[in-house]
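A quick write-up on the structure given underneath.
The values are calculated or read from the model by the stated rules, or taken from the named source; none is laboratory data. All values reported here derive from a predicted model rather than from experimental measurement. Backbone-built Cβ (ideal geometry, glycine too); neighbour counts: all protein chains shown. The protein model used for the area step is the full one, side chains on, heavy atoms only, and it has no ligands, DNA or RNA in it. Shrake-Rupley method; radii C 1.70, N 1.55, O 1.52, S 1.80 Å.
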Amino acid sequence: MTMITTEIRHFEDTAVAVISIDNPPVNSLGSQLRVQLGEALTSTIADPLVQAIVLTGTGRFFSGGADIREFNTPKTGVRPVLREIISIIENAAKPVVAAINGIALGGGLELTLGCHGRVVSKEAKLGLPEVKLGVLPGAGGTQRLPRLVGVSAALDIIVGGEPLTADQAQACGLVDQVATGNLQDDACAYAVSIVQGTRARSRIDPAPLDEPVDEAIFDNARQKAQRKYRGCTAPLACIECVAKCLSADLSSGLAYEAEQFARLVNGEQSKALRHIFFAERKAVKRVAMGGPSLTIRKVGVVGAGTMGGGIAMSLANAGIPVMLLEQSDAAIKKGWETIQHNFAGNVKRGRFTESQVQQRLQLIGRTTRYEDLSDSDLIIEAAFEDMAVKKEIFTRLDSVCQSDAILASNTSRLDIDEIAAVTSRRDKILGMHFFSPANVMRLLEVVKGAHTSNQVIDAVFELAGKIDKTPVLVGVCDGFVGNRMISHYTREAYFLLEEGASPAQIDGALRSFGMAMGPLQMQDMAGLDISWAARKRQAGTRSPDLRYSCVADRICEMGRFGQKTGSGFYRYEPGSRKPLPDPEIDLLIALCAQEAGIIRRDISDQEIIARTIYALVNEGAKIVQDQIAQRPSDIDVVYVAGYGFPIFRGGPMFYADTIGLPTVLETIKEFHERFGDYWSPAPLLTQLAQNGGKFSDL
Ligand code: 3H9
């Protein structure tokens, strides 16, 4: 396949070879492309009729960087490797100018750093996002960029991983010129001016970087990295590589960078992060096959509480008009004030300007009349989590909304089909389970009922993309994917309390595993009354033979609902969210254990992690088997995006793969013997473990 084309252009009597990268979808620099690019460069550099070269891309992309799918395969070794190509460019006798036509990321941007001039289109985005894939810019980025823009800006770009606009890139010295006319013409003119001697070549000085740098700059970068990429090792390696520029010349710096890149790319963290990169893209793939597509232009939201308000903010952020409904003027006023307060917080943190907030607020209408929802294409109900309440709302919505409007519930657990049954449009009913705070959290469980049409799912997926959410398609069951699994995780945490662990030990062990928060801290934050209500609802169907911990119920009976009441599993000082151990709870736990006839013992952190995380894995396998999730990697996306599961472990199912399914199964069987039926191994797990399979093979 031809991925590189060369065209000779005559520009002011100078022959310029324009080499274009054409490898859809993102012009990634895979092995085949590198071979062709190497040949095109070598032959044009050797061609006596060519005086300058312009390197550009086709479509929206200059290049999305190295081909990530080839990592950890023999293809990465196919020569010329990217570093060699950049060296060919850097050492070319004739000028090579990059015409950066669009997105230039990772190895794509590194390619341009070897060039003797960089001209960029206004729309271009330039960045080194490797850190997000658990690696570092491994084709010279950590050595050439600081020499070009200085240590501080290079640290921001490499460790932050966020792309720059064309103007930002020009301001920091990353590019030489933003095209004002036709990009290729401007780049050719730039190259010609170098040939004519009216402009100097941009060259990276190979000597160690002579810049007075305060060591505090690196300490700050390390602290920022620890906050942004909790538990990840790549950001620290990026910082060490940038620091190397100050002591090493270019060639030893490049050798050091190559060593660090090889270490990271072969490590478990990078594999996990790349797994999530592809898992997210798989999860958001649309489902409808043909048929008319539905467009959502205006959305109604029922309920202006925390969830409803957050959902309205997400929609307004994307420029989508919203009509927010509450039962009373007082309730709508309260909800509106919270939205205003939250937007004001965004302004304070520099996320939006005052005028951007005003534009958003103008998009949110308020009402107490259902009739005002009649022109909405989608209505999202975010009312109290109670089936009777939901049924009443859906009955009213069904009667007032236009016949082709989609009706969604933000329920986190309830049966969508039971809700759909009270309407005359079961094909247009679905669940949209947002996560709190809805204007911040990216995960959206899209719940497909028995009758929901693919067109409806497709329209909601499209909307999710517009409001910057990661939609994951799930089926109907109590708790869908995320909450169904979390019940098993918290169940084990409660049992471990009775068996001898303290809340602080359980939370500490799981935080050190990498969870953003321990399970008991998380319960305190979410509100203990929510899961209490769910347990009460499930009480009728719970087998009396199964072990049940009453610790959480007893805490609720004391009126301790977590942070909102100042106490739960922990106590909280007024105005503080810092969980403080509470001897009263230690006594209560000991009492519950005694009543249940449990002899308390020392529990290791290792057991806490295995009991809680394998409970997730075992239930996850059952969820895949029940077809509640389309694939194991969707579960990983749900857990990383919605439940604070460490991204560097790739989600619970990928984590199980990395441990090895036979080992996971053995441990689960042992728990089954020791702790009873909750631990019956998922048949899918057993089957995969016995056949040498992995969840990621499915
Ligand atoms: C690197 O460069 C290392 C070097 O420093 C050193 C080397 C020695 N490779 O996201 P989309 C696929 S590391 C392979 O939906 P968008 C993607 O999976 C790399 N495939 O489109 C999807 O496939 P499918 C540094 C890639 O327009 C399709 O392309 N670069 C790659 O929303 C479309 O993707 C990065 O980290 C890739 N590099 O966004 C950039 N990139 O259709 C990573 C994408 O089968 N990529 N695919 O599902 C991105 O951030 C976004 O994909 C991008 C496009 C902004 C480029």
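The residues in the range 643-663 that are free of Cβ contacts under 8 Å to residues at least 60 places away in the same chain and not in a helix (DSSP H, G or I) can be counted, and the count is 1. Among the numbered conditions (1) at pLDDT 95 or above; (2) among the β-branched types (Val, Ile, Thr); (3) away from the ligand (no atom under 14 Å from the Cβ), the only one that Val213 does not meet is (1). Residues in the range 608-654 that are more than 23 Å from Ala526 (Cα to Cα) and over 17 Å from the mean Cα position of the chain (by Cα): 13 in all.
Read through the list (1) open to solvent by 50 Å² or more (accessible area, probe 1.4 Å); (2) within 16 Å of Val301 (Cβ to Cβ), then give the number of the only condition that Gly335 fails. The number of the failed condition is (1).
Is it true that some residue in the range 402-410 is on the phi > 0 side of the Ramachandran plot and either of a type in the set (S, T, N, Q) or touching a residue at least 24 places away in the same chain (Cβ under 8 Å) (or both)?
no
In the range 469-495, the residues that are among the acidic types (Asp, Glu) reach residues that are open to solvent by less than 10 Å² (accessible area, probe 1.4 Å) with C-beta atoms within less than 6 angstrom, at least six apart or across chains, in these pairs: Glu492/Arg611; Glu492/Thr612; Glu492/Ala615. Checked against the criterion of being within 21 Å of the chain's Cα centre (by Cα), under 18 Å from Phe645 (Cα atoms) and open to solvent by less than 40 Å² (accessible area, probe 1.4 Å), the range 492-502 contains not a single residue that satisfies it.
Only one entry in Ala459, Ala438 is touching a strand residue (DSSP E or B) at 6+ places or on another chain (Cβ under 7 Å), closer than 30 Å to Arg351 by Cβ and aliphatic (A, V, I, L, M), namely Ala459.
Residue count for the range 563-597 under the criterion of being in contact (Cβ under 8 Å) with a residue 60 or more places away in the chain and either out of contact with any Cys (no Cβ under 9 Å at 6 or more places or on another chain) or more than 15 Å from Ser502 (Cβ to Cβ) (or both): the result is 9.
Criterion applied to Arg360, Arg369 was being among the basic types (Lys, Arg), open to solvent by less than 60 Å² (accessible area, probe 1.4 Å), modelled with pLDDT of 95 or more and more than 20 Å from His433 (Cα to Cα), and the one residue passing it is Arg360.
Of the residues screened, Asp636 is not one that is touching a Lys or Arg at 6+ places or on another chain (Cβ under 8 Å) and open to solvent by less than 30 Å² (accessible area, probe 1.4 Å). Of everything listed in (1) open to solvent by 20 Å² or more (accessible area, probe 1.4 Å); (2) assigned to a strand (DSSP E or B); (3) within 16 Å of the ligand (Cβ to nearest atom), the single unmet condition for Arg9 is (3).
Does Ala153 fit the bill of being of a type in the set (A, V, I, L, M), more than 12 Å from the ligand (Cβ to nearest atom) and open to solvent by 10 Å² or more (accessible area, probe 1.4 Å)? Spelling it out, Ala153 is indeed of a type in the set (A, V, I, L, M), more than 12 Å from the ligand (Cβ to nearest atom) and open to solvent by 10 Å² or more (accessible area, probe 1.4 Å). Considered as a group, the residues in the range 101-140 that are basic (Lys, Arg) and either touching a Cys at 6+ places or on another chain (Cβ under 8 Å) or without any contact (Cβ under 8 Å) to a residue 60 or more places away in the chain (or both) include one that is nearest to the ligand (Cβ to nearest atom), and that residue is Lys125.
For the range 413-442, the set of residues classified as of a type in the set (A, V, I, L, M) and either open to solvent by less than 60 Å² (accessible area, probe 1.4 Å) or at pLDDT below 95 (or both) consists of Leu414, Ile416, Ile419, Ala420, Val422, Ile429, Leu430, Met432, Ala438, Val440, Met441, listed by residue number. Taking the range 437-487 as the range and being of a type in the set (Gly, Ala, Ser) and under 19 Å from the mean Cα position of the chain (by Cα) as the test, the residues that pass are Ala438, Ala464, Gly465, Gly482.
The lone criterion from (1) over 24 Å from Ala641 (Cβ atoms); (2) part of a loop (DSSP other than H, G, I, E, B) left unmet by Ile296 is number (1).
Scoring Thr395 on the criteria (1) at pLDDT below 95; (2) open to solvent by 40 Å² or more (accessible area, probe 1.4 Å); (3) hydroxyl-bearing (Ser, Thr, Tyr) leaves a single failure, condition (1). Scanning the range 454-490 for residues that are open to solvent by 30 Å² or more (accessible area, probe 1.4 Å) and touching a Gly at 6+ places or on another chain (Cβ under 8 Å) gives Asn454, Gln455, Val476, Ser487.
Filtered by the rule that a residue be open to solvent by 40 Å² or more (accessible area, probe 1.4 Å), within 12 Å of the ligand (Cβ to nearest atom) and not in a loop (DSSP other than H, G, I, E, B), the range 51-90 gives Arg69, Lys75, Thr76, Gly77, Arg83, Glu84.
Screening the range 526-539 for residues that are among the hydrophobic types (A, V, I, L, M, F, W, C), open to solvent by 40 Å² or more (accessible area, probe 1.4 Å) and touching a residue at least 60 places away in the same chain (Cβ under 8 Å) and picking the one that is nearest to Ser436 (Cα to Cα) gives Ala526. Listed by position, the helices (runs of 4 or more DSSP H) enclosed by the range 491-608 that each have at least 2 residues that are modelled with pLDDT under 95 are 519-526, 528-538.
Does any residue of the range 540-552 turn out to be at positive phi, buried (at least 17 other Cβ atoms within 10 Å of the Cβ) and not hydrophobic (A, V, I, L, M, F, W, C)? There is no residue in the range 540-552 that is at positive phi, buried (at least 17 other Cβ atoms within 10 Å of the Cβ) and not hydrophobic (A, V, I, L, M, F, W, C).
Pairing residues of the range 16-42 that are within 14 Å of the ligand (Cβ to nearest atom) with residues that are aliphatic (A, V, I, L, M) and in a strand (DSSP E or B), at Cβ distances under 6 Å and at least 6 apart in sequence or on separate chains, gives Asn27/Ile21; Leu37/Ile4. One residue stands out in the range 241-280 among those that are among the charged types (D, E, K, R) and either at pLDDT below 95 or crowded, with 16+ Cβ neighbours inside 10 Å (or both): the one that is farthest from the ligand (Cβ to nearest atom), namely Lys244.
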